[in-house]
């Protein structure tokens, strides 16, 4: 099934997306000095980049997409903090080698929430698009 | 010293993985951009260019599905006087031959070639070469026995041959038995990413579009000049793709020309099929990589894309290798740059063999197809990727062993079709 996507506001969305992405880079760079690890900051930046560049051009209200992006960042931030706290606790009892294990697995653990959230967001956007379509028809 | 060597090796591997990721990100963006411009499917009613065609259908013990495709052949909207259907009964021991004979008696456009049991089972390329001898059409199309095309598929595909530079054309494959189980659902996701995004983007960008060996056609004169299908290679479709490009022709992909296939239904069958693909594809990489680089008829972007495509089945092995050498580097030399590169590797994990499509590519493909529920299964693609690491490693080892020992391990592991897809067809 071919879907026609709107041509309007493409350029406006592009500038907006670039602005939001630049904002997230600055935010996570600052946060990485004290609140989150560098690896987590990188993963969150990659998530933002993919989400803005590939989900923003899809059909659907911009507000919904921004809310989803915000929600994704909150989930990512919490996910990374929870795992970091778990890692600190484990290092205290199990020794420094656990920290290396955590560093090795950290990108993979991050990808679990990124892919899951990505799939759910797409499904959510597609469902709302379909509902809109059925009303229009 | 060891750490330095490992680090250099790790950087090279990560650079390769990144090259594939960037390639597929570009594909996804291209298809999204294309979706903005594309408003409707072109009608086929008034298609003027209608060359004579021959459709080859190789079949070996396909009694559960052969009747379905032959029935469909009789329902195609392409002019009957310009169409010839040739079924190659490849030494079947079941009732495939009997079913095909019944159709040949009822419809004059259907012809059957019966190969004796000692002749059959030598692979699809061998059966197709036999069928080609009887073919009279200007264009030769191929369909597998378990396929089920849309009625006007030939019009949609054949019109591309109006351009003399087009040597072959490829249609879209979708999964018929998708709701059956998890394997068929994951295969359907792979197909969506592979065709809806990957093939379409390559076609749009003027890169190397792949001829899939089925749901596609080639010019007969070109095929004859190339010497037909290479029977010594398991991935005869990939081999033909590169020979077509090396001969100076292009391959077009037509997303609107859809055909259903019956996907493998168990992990065991998945292994057999992908092992065959992987081994054949790797053999093609050895055969064509250098020739492709040297070719004067190809542009730089075609050469780069062709090389990436040829070597795609090595990537799961290289991902595994990068993980193996990356872990000791954490102990030996854990620099900031190394950690950044390390973070990029998992992104290639959520990809599947053959197209090496990352999760975002599959996601956009399903979105554009309007398949909302299928998107929930994307995280599970990690299992197919991990499985494919084993498959590709085994295929590579087998290929190396056959190279060293000089024994041509070219055994064709046929995919068994259950005919379960019949229940999903509504006439």
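The values are calculated or read from the model by the stated rules, or taken from the named source; none is laboratory data. Given the structure is predicted, the values throughout are model-derived calculations rather than measurements. Note that each Cβ is placed from the backbone with ideal geometry, even for glycine, and that neighbours are counted across all protein chains shown.
Could you list, in sequence order, all residues of segment B:102-138 that are over 26 Å from residue B:230 (Cβ atoms) and touching a strand residue (DSSP E or B) at 6+ places or on another chain (Cβ under 6 Å)? Residues satisfying the conditions are B:103, B:104, B:109, B:110. Within segment A:100-113, the residues that satisfy the criterion of being facing chain B (nearest Cβ under 10 Å) and closer than 18 Å to residue A:35 by Cα are A:103, A:106, A:107, A:110. Pick out, from segment B:93-192, the helices (runs of 4 or more DSSP H) lying fully within it that include 1 or more residues that are under 18 Å from the mean Cα position of the chain (by Cα). Here the list reads B:124-132, B:153-158, B:182-191. Could we say that residue B:382 is assigned to a helix (DSSP H, G or I), facing chain A (nearest Cβ under 9 Å), more than 20 Å from the chain's Cα centre (by Cα) and touching a residue at least 24 places away in the same chain (Cβ under 8 Å) here? So residue B:382 passes the test. Residues in segment A:22-55 that are part of a helix (DSSP H, G or I), modelled with pLDDT under 80, buried (at least 18 other Cβ atoms within 10 Å of the Cβ) and more than 11 Å from chain B (Cβ to nearest Cβ): A:24, A:28.
One residue is enough: does segment B:257-278 have a residue meeting the conditions closer than 22 Å to residue B:178 by Cα, within 14 Å of chain A (Cβ to nearest Cβ) and not in a loop (DSSP other than H, G, I, E, B)? The answer is yes; a qualifying residue exists.
Quick check on residue B:222: is it assigned to a helix (DSSP H, G or I) and without any contact (Cβ under 8 Å) to a residue 60 or more places away in the chain? Judged against the criteria, residue B:222 is a match.
Yes or no: residue B:248 outside any helix (DSSP H, G or I) and either more than 26 Å from residue B:66 (Cβ to Cβ) or in contact with a strand residue (DSSP E or B) (Cβ under 6 Å, 6 or more places away or on another chain) (or both)? Yes; evaluated as a whole, the condition is true for this residue.
Close contacts from segment B:92-107, counting a first residue that is touching a residue at least 24 places away in the same chain (Cβ under 8 Å) and a second that is loosely packed, with under 15 Cβ neighbours inside 10 Å and in a loop (DSSP other than H, G, I, E, B), with Cβ to Cβ under 8 Å and a gap of 6+ residues or different chains, come to B:93/B:117. Scanning segment B:316-328 for residues that are more than 14 Å from chain A (Cβ to nearest Cβ) and either crowded, with 22+ Cβ neighbours inside 10 Å or not in a helix (DSSP H, G or I) (or both) turns up just one, B:316. A single entry from A:78, A:62, A:58, A:125 fulfils the requirement of being more than 13 Å from every other protein chain (Cβ to nearest Cβ), touching a residue at least 12 places away in the same chain (Cβ under 8 Å) and more than 25 Å from residue B:386 (Cα to Cα): A:62.
Exactly one residue out of A:72, A:101, A:60 is over 16 Å from the mean Cα position of the chain (by Cα), surrounded by 12 or more Cβ atoms within 10 Å (Cβ to Cβ) and within 20 Å of residue A:112 (Cα to Cα): that is A:101. Would you be able to say whether some residue in segment B:296-304 is away from every other protein chain (no Cβ under 14 Å), buried (at least 16 other Cβ atoms within 10 Å of the Cβ) and touching a residue at least 24 places away in the same chain (Cβ under 8 Å)? There is at least one residue in segment B:296-304 that is away from every other protein chain (no Cβ under 14 Å), buried (at least 16 other Cβ atoms within 10 Å of the Cβ) and touching a residue at least 24 places away in the same chain (Cβ under 8 Å).
Here is a yes/no grid of residues against (1) modelled with pLDDT under 95; (2) assigned by TED's automatic domain parsing to the domain that holds residue B:79; (3) over 30 Å from residue B:375 (Cα atoms):
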| site | (1), (2), (3) |
| --- | --- |
| B:120 | yes, yes, yes |
| B:133 | yes, yes, yes |
| B:144 | yes, yes, no |
| B:149 | yes, yes, no |
| B:159 | yes, yes, yes |
| B:169 | no, yes, no |
| B:183 | yes, yes, no |
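The set of residues in segment B:363-379 being more than 7 Å from chain A (Cβ to nearest Cβ) and outside any helix (DSSP H, G or I) consists of B:371 alone.
With respect to the conditions (1) at pLDDT below 90; (2) touching a strand residue (DSSP E or B) at 6+ places or on another chain (Cβ under 8 Å); (3) surrounded by 19 or more Cβ atoms within 10 Å (Cβ to Cβ), residue B:42 falls short on a single one, namely (3).
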